[in-house]
Amino acid sequence: GHPVTGVDRSAEAIAAVADVGRAVQADIENGPWPFTGERFDAVVVAAFGDPGLPGLREALPCPVTGLTEAALASACLLGGRFSIVAISQRIKAWYRETVQHYGLESRLASIRALDEPLADIGNVQGNQGEALVALAGRCVAEDGADVIVLAGAPLAGLARTLASRLPVPTVDGVSSAV
């Protein structure tokens, strides 16, 4: 490996990544840049919708990609139509707008999301894994999805777990971006 630095304004999000590298709690959207003088080989925006991506690309001298951009590009390489499986009903409209922003609405089969509020976002895969599998299965059976996109950093790595349980490829943004 490569050294990893994670940054988020949420203490919970930082705690979830602290075991894989350096974790910095900072609000890079509204606060000062916490890495003045530091250099990075690449930057991944690990928030679905890729907030701040254009500005970071303009400001930083290294490659910058977003997990949504990477996941949607991967999905388009793997199949004709994709569905998004998300952890919250509340942001389905925003996911649709994000797909439209990337010009891929004609390839979107559906967006499905968990109905229950999350008790622990850091353990969503453990607590909601079976519900996520069921949603992905419905995307294939009812919506005609050729590929499943798992939305958001909390679902990172789940695509590998689902690979043997679904008849279509499954991608997550973090794995696609890295």
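The values are calculated or read from the model by the stated rules, or taken from the named source; none is laboratory data. Fair warning: this is a prediction, and the values are worked out from it, not measured in the lab. Positions of Cβ are generated from backbone atoms using ideal geometry, with glycine treated the same way; all protein chains shown enter the neighbour counts.
If only one of 4, 64 is without any contact (Cβ under 8 Å) to a residue 40 or more places away in the chain, surrounded by fewer than 19 Cβ atoms within 10 Å (Cβ to Cβ), closer than 22 Å to residue 157 by Cα and touching a helix residue (DSSP H, G or I) at 6+ places or on another chain (Cβ under 6 Å), which one is it?
Working: 64 fails: surrounded by fewer than 19 Cβ atoms within 10 Å (Cβ to Cβ).
Result: 4 is the single residue among 4, 64 that is without any contact (Cβ under 8 Å) to a residue 40 or more places away in the chain, surrounded by fewer than 19 Cβ atoms within 10 Å (Cβ to Cβ), closer than 22 Å to residue 157 by Cα and touching a helix residue (DSSP H, G or I) at 6+ places or on another chain (Cβ under 6 Å).
What number of residues within region 65-81 are at pLDDT 95 or above and either part of a helix (DSSP H, G or I) or under 16 Å from the mean Cα position of the chain (by Cα) (or both)?
Filtering region 65-81 down to residues at pLDDT 95 or above leaves 72-81.
Checking which are either part of a helix (DSSP H, G or I) or under 16 Å from the mean Cα position of the chain (by Cα) (or both) leaves us with 72-78.
Here the count works out to 7.
Starting from residues that are closer than 18 Å to residue 89 by Cβ and either assigned to a helix (DSSP H, G or I) or at pLDDT below 85 (or both), keep the ones in region 138-153 and report whichever is nearest to the chain's Cα centre (by Cα). Working first, answer last.
Initial filter on region 138-153 (closer than 18 Å to residue 89 by Cβ): 138-139, 142-143, 148-152.
From what's left, either assigned to a helix (DSSP H, G or I) or at pLDDT below 85 (or both): 138-139, 142-143, 152.
On the way: 138: 20, 139: 18, 142: 23, 143: 21, 152: 3 Å.
Applying the filter and picking the extreme gives 152.
Closer than 30 Å to residue 11 by Cα, surrounded by 19 or more Cβ atoms within 10 Å (Cβ to Cβ) and touching a residue at least 24 places away in the same chain (Cβ under 8 Å): which single residue out of 178, 171, 133, 147 fits that description? Spell out the reasoning first.
On the way: 178 fails: surrounded by 19 or more Cβ atoms within 10 Å (Cβ to Cβ); 133 fails: surrounded by 19 or more Cβ atoms within 10 Å (Cβ to Cβ); 147 fails: closer than 30 Å to residue 11 by Cα.
Residue meeting the stated conditions: 171.
Could you list, in sequence order, the residues of region 158-167 that are under 23 Å from residue 66 (Cβ atoms), touching a residue at least 24 places away in the same chain (Cβ under 8 Å) and either within 12 Å of the chain's Cα centre (by Cα) or part of a loop (DSSP other than H, G, I, E, B) (or both)?
158
Would you point out which residue out of 21, 37, 31 is within 29 Å of residue 93 (Cβ to Cβ) and not basic (Lys, Arg)? Show your work before the answer.
On the way: 21 fails: within 29 Å of residue 93 (Cβ to Cβ); 37 fails: within 29 Å of residue 93 (Cβ to Cβ).
Going through 21, 37, 31 in turn, just one is within 29 Å of residue 93 (Cβ to Cβ) and not basic (Lys, Arg): 31.
Please find, within region 82-134, the residue that is modelled with the lowest pLDDT out of those that are assigned to a strand (DSSP E or B) and not small (Gly, Ala, Ser).
First, pick out the residues of region 82-134 that are assigned to a strand (DSSP E or B): 82-86, 108-113.
Going one step further and asking which of them are not small (Gly, Ala, Ser), we end up with 82, 84-85, 108, 111-112.
Working: 82: 98, 84: 96, 85: 93, 108: 98, 111: 97, 112: 96.
Among those residues, the one meeting the criterion is 85.
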